């Protein structure tokens, strides 16, 4: 028997950091079944501790370095 893990849904601008309310770029799915969302700042600040209690980490902090696509005229 094999078990597949469903991929996490992408984070959106509506997802907010549980610590400060800024846009979330990291979702931590806990081994206890819950989830936490963090902005990049708090993800870096608590990263080691979060990974220790995480079943899965969905990290989208790379989006902060992406260049925006210019709008078409």
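Observations on the structure shown:
- Rotationally averaged projected area of the range 13-58 (alpha carbon convex hull; nm²): 2.9
- Each peptide in 25-35, 44-54 gets a packing score, the mean of other Cβ atoms within 10 Å over its residues, and the list from highest to lowest is 25-35, 44-54.
- Distance between the 7 Å Cα→Cβ label points at residue 51 and residue 64: 1.6 nm.
Only the coordinates and a few stated rules stand behind these numbers; no lab work does. What you are looking at is a predicted structure, and each value in this text was computed from that prediction instead of being measured. Cβ: placed from backbone, ideal geometry, glycine included. Neighbour counts: every protein chain shown.
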